[in-house]
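Taking it in order: structure first as structure tokens, then the write-up.
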Amino acid sequence: VDAFQAWCGPCKTAVNLFQKIRNEVGRNLLHFAVAEVDSIDALEGYRGLCQPVFLFYAEGELVAVVRGLNAPLLRKTILEQL
């Protein structure tokens with residue numbers, strides 16, 4: 001989940017990275033979503049940040065968080081979680 005604030009919008013660069021990885025590993029294994037933290041109470045802890053935050057969930061549980069657009073770290077985290 002790309003957790004973003006309305007003033008900055010979702011990270012467009014990350015979408016391309018996620019799509020590329022999703023094509024490599026299979027469309028059924030990786031799902032990508034965006035969530036505006038200003039409108040979701042459960043994500044209020046991510047408000048006020050000036051960098052992208054990526055939340056990784058498995059079976060409804062938060063399993064990893066990556067702060068900032070670090071493509072190698074995002075890729076590594078995705079592959080480890082899969």
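Per-structure values
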item	result
Selection from the range 1-10 of residues that are open to solvent by less than 80 Å² (accessible area, probe 1.4 Å) and without any contact (Cβ under 8 Å) to a residue 12 or more places away in the chain	GLY9
Tally of residues being open to solvent by less than 60 Å² (accessible area, probe 1.4 Å) and either charged (D, E, K, R) or touching a residue at least 40 places away in the same chain (Cβ under 8 Å) (or both) across the range 11-23	5
Flag for ARG75 being open to solvent by 50 Å² or more (accessible area, probe 1.4 Å), part of a loop (DSSP other than H, G, I, E, B), free of Cβ contacts under 8 Å to residues at least 60 places away in the same chain and basic (Lys, Arg)	no
Subset tally (residues that are surrounded by 14 or more Cβ atoms within 10 Å (Cβ to Cβ) and either free of Cβ contacts under 8 Å to residues at least 24 places away in the same chain or under 15 Å from THR77 (Cα atoms) (or both)) for the range 24-37	2
Matching residues in the range 23-71 - criterion: being of a type in the set (D, E, K, R) and under 19 Å from CYS11 (Cβ atoms)	GLU36, ASP38, ARG47, ARG67
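The values are calculated or read from the model by the stated rules, or taken from the named source; none is laboratory data. Model, not experiment: these values are computed from the prediction. FYI the Cβ positions are ideal-geometry reconstructions off the backbone, even for glycines, and counts take in every protein chain you see. Note: accessible area is taken over every heavy atom of the protein model, side chains too, but ligands, DNA and RNA are not part of it. Shrake-Rupley method; radii C 1.70, N 1.55, O 1.52, S 1.80 Å.
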